[in-house]
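The values are calculated or read from the model by the stated rules, or taken from the named source; none is laboratory data. Everything numeric here is computed off the predicted structure, so don't read it as measured data. FYI the Cβ positions are ideal-geometry reconstructions off the backbone, even for glycines, and counts take in every protein chain you see.
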Amino acid sequence: MPPIMQPALSESECVWEFFGRRTDGFFVEVGANDPHAGSQTWSLESKGWRGILVEPLERFQTVLKAARPRSQVFRAACGPPGHPATAEFFEAEASAHSGLRPHAVDAATQYVSRETVRVLTLDELLAEAGHPQVDFISIDTEGTQLDVLRGLDLQRHAPKLLLVEDHMYDFETHFHLRRKRYRLVKRTHSNNWYIPEGVPFRLTTPWERLRLWRKLWPGTPLRMVKFRRERRALRAAGS
């Protein structure tokens, strides 16, 4: 008889598997948006974890606080050191595509409103939260992930896993994390998985690793050129 194929693990199941199916731990999700749909941390919270949810849009505050009782909710955006105290945050038609920097990842994104929001570095936010010991950080900020990472002292906080949305239009985020001694081990959807150097990782196959290598090295320059052309074309059409 042919072998029975096991279904592939979902992204959230892979994250839980990485942590040895622990029923305790602490997460930070930067760019929380909806409390359940698309959340990188809801599954962990439902299994007993606690954490911090960072979401700039006012309309998500009440529902996040009600639906995520084991999480502390911050209404803020995360920026780099030297950030202004506040900034304009652009809400997109699809709210998950909202961000501080319009059209940072999709030149065709349509925006419906703006809000003035508080800006903190992730270090400042963790200080306000009482310096918790963080196991897992998810960053989904529509193109400003490098600013968020620049505001995080990785040597001090040393999360075991970083899940970073990166559309990979350049190498800057990757090189920043490599300098901080984190290595890229997996990609799910638009999310790159980084773990500290020297930590073993077994949740990829050789074929996955090859695809990730091709996505990063040959693919990034091509995506960069394509995205710049799209932005020029949209600007020309609007002029």
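Structure summary
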item: Residue check, Ala8 of a type in the set (A, V, I, L, M), touching a residue at least 12 places away in the same chain (Cβ under 8 Å) and closer than 24 Å to Asp166 by Cα; result: no
item: Selection status of Val117, over 16 Å from Val54 (Cα atoms), over 14 Å from the mean Cα position of the chain (by Cα) and either in a strand (DSSP E or B) or modelled with pLDDT under 95 (or both); result: no
item: Considering residues of region 167-186 that are farther than 26 Å from Thr205 by Cβ and among the charged types (D, E, K, R) only, the residue farthest from the chain's Cα centre (by Cα); result: Arg179
item: Meets criteria (of a type in the set (Asp, Glu), within 15 Å of the chain's Cα centre (by Cα) and surrounded by fewer than 19 Cβ atoms within 10 Å (Cβ to Cβ)) for Asp24; result: no
item: Residue within region 191-201 that is free of Cβ contacts under 8 Å to residues at least 24 places away in the same chain, of a type in the set (A, V, I, L, M) and surrounded by fewer than 16 Cβ atoms within 10 Å (Cβ to Cβ) present; result: no
item: Of all residues in region 202-228 being surrounded by 14 or more Cβ atoms within 10 Å (Cβ to Cβ), without any contact (Cβ under 8 Å) to a residue 40 or more places away in the chain and not charged (D, E, K, R), the one that is nearest to Glu172 (Cα to Cα); result: Leu212
item: Residue among Leu125, Leu163, Leu177 that is in contact with a strand residue (DSSP E or B) (Cβ under 7 Å, 6 or more places away or on another chain), in a strand (DSSP E or B) and among the hydrophobic types (A, V, I, L, M, F, W, C); result: Leu163
item: Pairs with Cβ under 7 Å, 6+ apart, first in region 23-50 and over 21 Å from Leu122 (Cα atoms), second polar (S, T, N, Q) and modelled with pLDDT of 95 or more; result: Ser43/Ser12; Lys47/Thr23; Gly48/Thr23
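Per-residue answers, yes or no, for (1) buried (at least 19 other Cβ atoms within 10 Å of the Cβ); (2) touching a helix residue (DSSP H, G or I) at 6+ places or on another chain (Cβ under 8 Å); (3) touching a residue at least 60 places away in the same chain (Cβ under 8 Å):
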{"position": "Thr62", "(1), (2), (3)": "no, no, no"}
{"position": "Arg75", "(1), (2), (3)": "no, yes, no"}
{"position": "Cys78", "(1), (2), (3)": "yes, yes, yes"}
{"position": "Thr86", "(1), (2), (3)": "no, no, no"}
{"position": "Ala94", "(1), (2), (3)": "no, no, no"}
{"position": "Asp106", "(1), (2), (3)": "no, yes, no"}
{"position": "Tyr111", "(1), (2), (3)": "no, no, no"}
{"position": "Arg114", "(1), (2), (3)": "no, no, no"}
{"position": "His131", "(1), (2), (3)": "no, no, no"}
